[in-house]
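Presented below is the structure to which this report refers.
The values are calculated or read from the model by the stated rules, or taken from the named source; none is laboratory data. None of these values were measured; they are calculated from a predicted model. Every residue, glycine among them, receives a Cβ derived from its backbone with ideal geometry; neighbour counts consider all protein chains shown. Accessible surface is based on the protein model in full, side chains and every heavy atom, while ligands, DNA and RNA are left aside. Shrake-Rupley method; radii C 1.70, N 1.55, O 1.52, S 1.80 Å.
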Amino acid sequence: MMMERSRVFFILLLLAGCMLSAAGCTSPRTSDTHNTTIVIQDYNQWAEAQGTYAGQVKISLTRMEATIDAYNHDASSGSSDPGTLQSDVASDGQTIAQWGVAGTALSTATDSFSSDTSSLMFGSDQETPWLAGLLAQEMKIYDISMTNAQQHFVDYNRYMGSYLSVDAPDYRDDSLRTAAMDAKTRALASLSDADIALSNITATAKQLQQRQ
């Protein structure tokens with residue numbers, strides 16, 4: 001059976017181009033310029049970390065797409081090159097693991113934004129700290145969703161590696177392929193959650209920008 005493909009699988013290829021813009025955020029006009037500057041600086045750092053992370057994810061998803069194309073070609077043509085496919089799946093696993101470094105930097109930026117902005121005071125301005133808190137919450141949702149997606153892709157890759165470890169297609173354990181597809185479905189759901197969170201982050205950040 002050919003490996004299932006889905007356009008949603010590559011949703012983060014779009015996210016990679018959605019690095020949040022902080023342009024125009026350099027002239028705060030609130031009652032507390034220093035506190036507002038902290039919010040802006042931490043937001044810019046998070047946006048930079050998110051852009052780096054999305055770039056790494058894009059590389060990984062592109063490699064997995066190429067592996068899927070190779071698998072589907074072999075399956076549809078009746079030919080099989082198990083050695084190449086096994087090598088490709090192993091390489092995919094390495095690129096998925098590489099999400100970790102950029103993900104750690106993103107998590108650090110998320111924690112820094114939350115801790116640095118949670119205790120800021122803005123006098124009679126109640127909306128700015130509320131928006132900053134909302135932004136921190138949305139950043140955490142994005143972070144958690146992407147961490148979940150990575151783990152599901154790790155599972156997907158592991159099951160596919162086990163499935164393809166048997167060279168002869170007729171003797172492969174189809175339950176492993178099914179488990180891989182289930183893991184991919186969960187990964188897609190997590191990517192969708194991350195996409196929604198990133199859209200919310202963009203919208204909240206724009207509200208903060210408008211208050212400067």
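Points to keep in mind about this one:
- Sequence of Thr95, Thr147 from largest to smallest accessible area, 1.4 Å probe: Thr147, Thr95
- Taken along the Cα-to-beta-carbon direction at a fixed 7 Å, the label points for Ser112 and Ala90 span 3.8 nm.
- A Förster radius of 41 Å, combined with the Cβ-Cβ distance separating Gln210 from Thr104, puts the computed FRET efficiency at roughly 0.80.
- Taken along the Cα-to-beta-carbon direction at a fixed 7 Å, the label points for Ala70 and Thr202 span 3.3 nm.
- For the set Glu65, Glu138, Glu48, Glu127, the ranking by accessible area, highest first and with no ligand, DNA or RNA atoms included, is Glu48, Glu127, Glu65, Glu138 under a 1.4 Å probe.
- Debye-sum result for region 58-157 in log10 I(q)/I(0), which assumes one identical scatterer on each alpha carbon, at q = 0.15, 0.22, 0.25 Å⁻¹: -0.71, -1.07, -1.22
- Local electrostatic count at Ile144 - Lys and Arg +1, Asp and Glu -1, tallied over other residues with Cβ under 13 Å: -3
- Sum of side-chain charges, Pro169 neighbourhood, beta-carbon under 14 Å (Lys, Arg +1; Asp, Glu -1): -4
- Hydrodynamic radius of region 39-115 per Kirkwood, over alpha carbon pairs, in Å: 14.3
- Accessible surface of region 48-110 [probe 1.4 Å, protein heavy atoms]: carbon and sulfur percent: 54
- Proximal lysines relative to Lys140, as straight alpha-carbon distance under 20 Å, when same-chain residues fewer than 8 apart are discounted: Lys206
- Backbone N atoms of region 178-205 closer than 17 Å to the 7 Å Cα→Cβ label point of Ile144 belong to residues 187, 189-201.
- Solvent-accessible area of Arg63 with every protein chain in place, 1.4 Å probe, in Å² to the nearest 10: 100
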